[in-house]
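Encoded as structure tokens, the structure appears first; notes follow it.
The values are calculated or read from the model by the stated rules, or taken from the named source; none is laboratory data. This is a predicted model, so every value here is computed, not measured. Reconstructed Cβ throughout: ideal geometry from the backbone, glycine too, with neighbour counts over all protein chains shown. Quick note on the areas: whole protein, heavy atoms, side chains included, nothing else; ligands and nucleic acids left out. Shrake-Rupley method; radii C 1.70, N 1.55, O 1.52, S 1.80 Å.
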Amino acid sequence: STYLTVNSVADTNFQLGTGDFTIEWFMYLNANSPYPRVFSIGTYPTATLAVSIESGYFYLWTTGSANFIISGITTSTWYHFAVVRNSGTVQVYRNGNQVGSNLSITSNLTNLSSNLTIGNETTISSSASLNGYLTNFRWTKGTAVYTSNFTNPAAPLSSLANTKLLLLASNSSATTLDSSSAATAVNN
């Protein structure tokens, strides 16, 4: 039932517009819950940008539509995911391998009324609570970090140029510590 929030409405670092970005994280699900959100800006069915893992399926939501639906997500397994937009084309990578096909998503991903929520959706609900663990959540604005398959990271992620949020969460006392140079305030 724990979730984190970032005041993304007041911080342009989280207003992605139509530019390049990379959002990535490591995830471990303990159990499936009805509609768990990895992160969300906005609430279903009109979320500006969100990822949910539902009954073994990965969903990427942009401007209220499910754009990627990828199967094969199981509980009790660590995964690394990266959602990347490069020149208007979005790819999703699981453990370094692109899953699904390239998708043109050129819409403006700016939301000036909903904050970024990690581990739930913006309107908090028990059915959207992620039952598991997230670490190394990195939000990079203006850079497509990955543009082809890559070796799955084997060490904690680092703060790259344009990293606006990096939550390493190496222990329970560090869940709200932003390790990027942006030093974004995160609320638990």
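Within region 81-101, being without any contact (Cβ under 8 Å) to a residue 60 or more places away in the chain and open to solvent by 50 Å² or more (accessible area, probe 1.4 Å) holds for Arg94, Asn95, Asn97, Gln98, Gly100, Ser101.
Only one residue in Thr77, Thr62 is more than 16 Å from the chain's Cα centre (by Cα) and not hydrophobic (A, V, I, L, M, F, W, C), so which one is that? Thr77 is the lone residue from the list that is more than 16 Å from the chain's Cα centre (by Cα) and not hydrophobic (A, V, I, L, M, F, W, C).
Just so you know, in region 41-62 the residues that are in a loop (DSSP other than H, G, I, E, B) and in contact with a Gly (Cβ under 9 Å, 6 or more places away or on another chain) include one that is surrounded by the fewest Cβ atoms within 10 Å (Cβ to Cβ), and it is Pro45.
Here Phe68 qualifies as crowded, with 19+ Cβ neighbours inside 10 Å and over 28 Å from Asn187 (Cβ atoms). Considering the conditions (1) at pLDDT below 95; (2) open to solvent by less than 20 Å² (accessible area, probe 1.4 Å), Trp139 is excluded by exactly one of them, (1).
A single entry from Ser104, Ser125, Ser129, Ser114 fulfils the requirement of being small (Gly, Ala, Ser), within 18 Å of Thr63 (Cβ to Cβ) and open to solvent by less than 40 Å² (accessible area, probe 1.4 Å): Ser114. Screening Thr147 on (1) at pLDDT 95 or above; (2) under 15 Å from the mean Cα position of the chain (by Cα); (3) of a type in the set (Val, Ile, Thr) shows it passes everything except condition (2). Residues in region 71-80 that are outside any loop (DSSP other than H, G, I, E, B) and open to solvent by less than 40 Å² (accessible area, probe 1.4 Å): Tyr79, His80. Given the criteria closer than 22 Å to Leu165 by Cβ and either of a type in the set (Lys, Arg) or at pLDDT 95 or above (or both), does Val9 qualify? Criteria not met by Val9. Considering Gln98, Gln91, which residue is farther than 17 Å from Phe14 by Cα and touching a Lys or Arg at 6+ places or on another chain (Cβ under 9 Å)? Testing whether each residue is farther than 17 Å from Phe14 by Cα and touching a Lys or Arg at 6+ places or on another chain (Cβ under 9 Å) leaves just Gln91. Scanning region 1-39 for residues that are of a type outside the set (A, V, I, L, M), part of a loop (DSSP other than H, G, I, E, B) and open to solvent by 50 Å² or more (accessible area, probe 1.4 Å) gives Ser1, Thr2, Tyr3, Asn7, Thr18, Asn30, Asn32, Pro34, Tyr35.
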